[in-house]
Amino acid sequence: MTNNPHFPLMLTPLKLRHNELKNRVIMGAMHTRLEAAPNGAQRLAEFYAERAKGGVGLIITGGYAPNMAGHLEMNGPILNERAQIDDHQIITNAVHEAGGKILLQILHTGRYGGTLKTVAPSAIRAPISPLTPKALEPAQVEQTISDFSTCAQLAHDAGYDGVEIMGSEGYLINQFTAARTNQRDDKWGGSADNRHRFPLEIVRAIRANIPDEFIIMYRISSLELVEDGATGKEILSLAKDIEQAGADILSTGIGWHEARIPTIAYMVPRGTWSFAAKRIKDAVNIPVVASNRLNTPETVEEVLREGHGDLAYLARPLLADPDFVNKAAAGERDQINICIACNQACLDYIFKAKTATCLVNPRAGQESALQITPAEHPKRIAVIGGGSAGMAAASIAGARGHTVILFEASEQLGGQLQLARKVPGKDEFDELLRYFKNQLDTHNVEIRTGVAANVQMIMDENFDEIIIATGVTPRQIELDGIDHAKTVTYTQILSGEKNCGDNVAIIGAGGIGFDVADFLSVLKSDDRSPKAFLSDWGVDQGLEIKGGLSPQGPSLEQSPRQITLLQRTSGKPGRSLGFTTGWALMKALKRRGVNILTGVTYEHIVDEGLQIELEGEKTIIPADTIVICAGQESQTSLHEELSMAGVSTHIIGGAAQAGELDALRAISQGYNLALKL
């Protein structure tokens, strides 16, 4: 064990067969799309090298296809010929020079592929794909095994320290191992032994053709969360056989992409899935890696201390802060920028064909372009507004050596973040608030809370630059009876200024409306533990049932209130929600009995509730509280007054553009502006 007093287990080196990792933190594989960007190899080299400098014990690249049929999309990452090695050597050289180790992940998408060449064990379309795959012929199965081996050999020659074989999350190898997707009647299908043959032959082929010091990590599906998925017995049998086939280490994957249980979103408690890794760890003699929702040093340390894994697989936490490990080792926990599991700029961006970055760290993926350098001419800067945009701008400006004064009219910093953190699961925003406050203190930003800045005050202090980050206020709507005593705004509810009755109507089904419905439909005393989450979502921790799904299914929670969420447009509700988190929130609200109506015309507010017209019929939604969640309006009065006085300003965040509680846009604007001043 290391002598480091802060997180001793996390920071203990690990001896593999012919390698030693300097600690127990693995940077897990992430799709970033950097490889498709101009100068992609160099950008990836900078991205990974910064994490290596930050102290991580081992890095796994995003997935590379071993052949054309394995592509996630056209022109996706692939390693199948020697001409590609030069670009990869740029990456491996950069990581090694930074003192790190790096594995290439080999990923064949199977039926999750996005091209017309998509193949699978059987011709069964995935529910999340429009394409029906072609079933692999026996000769093609053998060729695919050879392609995996060739890819591993090319990775070795490119300087990688090993490979991770992606056998989880419902990709091709996982499609072979599960009866759900493997209906073959040859030696590659049928019994569990036959279904497991494909991954075992891949591991054996790779082990036979590369030096012993080359690391083989196999990512095993430890809990599938889909009907007719693997049982716990099958998973343990495969794990033991993979060890015997020559793997050095097993990383654990949770759930298939088509599973209807959230695995990495903000509503999943920290450390929820480590029990699945422990089952495998207890069955094999090689190291096992726990994964999913391990976003703080304390969580990693606890998982290791409880014997749930030998290492921890952190992906997005190292997007959020590349120096995660070094800061933890130095006892600087409060300086770590913690991943809040929002998925907005990482996974959601990938599904929108954008290059991934991070809400809490706009520099992720732009390591060279967004360098925080000392200001050539330090200035005196005023930042008006202490929400996410203002705090980002003030902290980065302070880091560059400017003299910064941050004005906030309320008694606390945070702005809309103070409201977002009240939503179930979004208490992760507390970490962002803590981080910003520490950054402001570290960089000597003067903070004046409870001070409503005005034109005279700003002009009297002779600032060189003025940043307006005054945020938003709830948008007022025109509706008969809007002044009724039962009418409240979302800010009054989330802040605790007003309470709700037993029957609630929510006007507006954007992101805020859904957050308010989430907030109001749970009891404050509800258990938020991993055990309660697994029970609520119908997960069988014993994995006796195929896929690890409880036969009782998800529990029906009892909302303490009757809630109706109303949307004016007739389209599908929840369109403004995050692609990878919105469906889970919708499902949770449905379980709690929240009623969602679309195509609604609001008539007026009466003593009985809210009168509406729906499908040509007038009706009253009984309500003793009506919450207005109809968007926001920018607070621009100070900006306008300063402009009239001839004072130039910069306007960012909600003050520049009202919208949803968009911390992603606000933080990015504040960060980028501060780099230019």
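In the same structural domain as Glu97 (by TED's automatic domain parsing), touching a residue at least 60 places away in the same chain (Cβ under 8 Å), more than 26 Å from Arg17 (Cβ to Cβ) and not polar (S, T, N, Q), is that true of Gly159?
No; evaluated as a whole, the condition is false for this residue.
Determine whether Tyr64 is in a helix (DSSP H, G or I), hydroxyl-bearing (Ser, Thr, Tyr), modelled with pLDDT of 95 or more and assigned by TED's automatic domain parsing to the domain that holds Ile145.
No: the conditions fail for Tyr64.
Among the helices (runs of 4 or more DSSP H) lying completely within the stretch 571-677, list those that include at least 2 residues that are within 27 Å of Arg400 (Cα to Cα).
Output list reads 637-644, 663-676.
Of everything in the stretch 656-677, what is under 19 Å from the mean Cα position of the chain (by Cα) and of a type outside the set (Ser, Thr, Tyr)? Give them in sequence order.
Glu660, Leu661, Asp662, Ala663, Leu664, Arg665, Ala666, Ile667 - these are the residues of the stretch 656-677 that are under 19 Å from the mean Cα position of the chain (by Cα) and of a type outside the set (Ser, Thr, Tyr).
Residue by residue, here is whether (1) outside the structural domain of Ile405 (by TED's automatic domain parsing); (2) in a loop (DSSP other than H, G, I, E, B) holds:
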| site | (1), (2) |
| --- | --- |
| Ile467 | no, no |
| Ile482 | yes, yes |
| Glu497 | yes, yes |
| Ala509 | yes, yes |
| Phe514 | yes, no |
| Ser535 | yes, no |
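With respect to Asp157, determine if the residue is among the acidic types (Asp, Glu), out of contact with any Phe, Trp or Tyr (no Cβ under 7 Å at 6 or more places or on another chain) and under 13 Å from His108 (Cβ atoms).
Here the answer is no, as Asp157 does not meet what is asked.
In this structure, does Ala205 turn out to be among the aliphatic types (A, V, I, L, M), touching a helix residue (DSSP H, G or I) at 6+ places or on another chain (Cβ under 9 Å), in contact (Cβ under 8 Å) with a residue 60 or more places away in the chain and not in a helix (DSSP H, G or I)?
no
Need pairs with beta-carbon distance below 6 Å; first residue touching a residue at least 60 places away in the same chain (Cβ under 8 Å) and within the stretch 568-590, second of a type in the set (Asp, Glu); sequence gap 6+ or separate chains.
Pairs found: Gly578/Asp348; Phe579/Asp348; Thr580/Asp348.
Are there any pairs, at least 6 apart or on different chains, whose C-beta atoms fall under 8 Å, with the first in the stretch 625-654 and not assigned by TED's automatic domain parsing to the domain that holds Gln611 and of a type in the set (A, V, I, L, M, F, W, C) and the second assigned to a helix (DSSP H, G or I) and surrounded by fewer than 20 Cβ atoms within 10 Å (Cβ to Cβ), and if so, which?
Hits for this filter: Leu638/Val455; Leu642/Val455; Ala645/Val455; Ala645/Met459; Val647/Val455; Val647/Met459.
Hey, any hits in the stretch 383-394 for a residue that's within 16 Å of Arg51 (Cα to Cα), in contact with a helix residue (DSSP H, G or I) (Cβ under 6 Å, 6 or more places away or on another chain) and buried (at least 23 other Cβ atoms within 10 Å of the Cβ)?
no
Answer with yes or no whether Gln84 is over 23 Å from Val56 (Cα atoms) and either outside any strand (DSSP E or B) or among the acidic types (Asp, Glu) (or both).
Spelling it out, Gln84 is indeed over 23 Å from Val56 (Cα atoms) and either outside any strand (DSSP E or B) or among the acidic types (Asp, Glu) (or both).
May I ask you to list the residues in the stretch 493-512 that are under 16 Å from Ala588 (Cβ atoms) and at pLDDT 95 or above?
The one that is under 16 Å from Ala588 (Cβ atoms) and at pLDDT 95 or above: Ile506.
In the stretch 374-458, which helices (runs of 4 or more DSSP H) lie fully inside it and hold 2 or more residues that are among the charged types (D, E, K, R)?
In the stretch 374-458, 429-442 are the helices (runs of 4 or more DSSP H) which contain 2 or more residues that are among the charged types (D, E, K, R).
If you go through the stretch 98-134 one residue at a time, how many are farther than 19 Å from Asn75 by Cβ, buried (at least 16 other Cβ atoms within 10 Å of the Cβ) and of a type in the set (Gly, Ala, Ser)?
Qualifying residue count, the stretch 98-134: 5.
Among the listed residues Glu301, Glu332, Glu258, which satisfies the condition of being out of contact with any Ser or Thr (no Cβ under 6 Å at 6 or more places or on another chain) and without any contact (Cβ under 8 Å) to a residue 24 or more places away in the chain?
Glu332
I want to confirm something. Restricting to the stretch 594-624 and keeping residues that are among the small types (Gly, Ala, Ser) and touching a residue at least 60 places away in the same chain (Cβ under 8 Å), which single residue is farthest from Tyr266 (Cα to Cα)?
Filtering first and then ranking leaves Gly609.
The values are calculated or read from the model by the stated rules, or taken from the named source; none is laboratory data. The structure presented is a predicted model; accordingly, all values stated were derived computationally and were not measured. We place every Cβ from the backbone using ideal geometry, glycine too, and count neighbours over all the protein chains shown.
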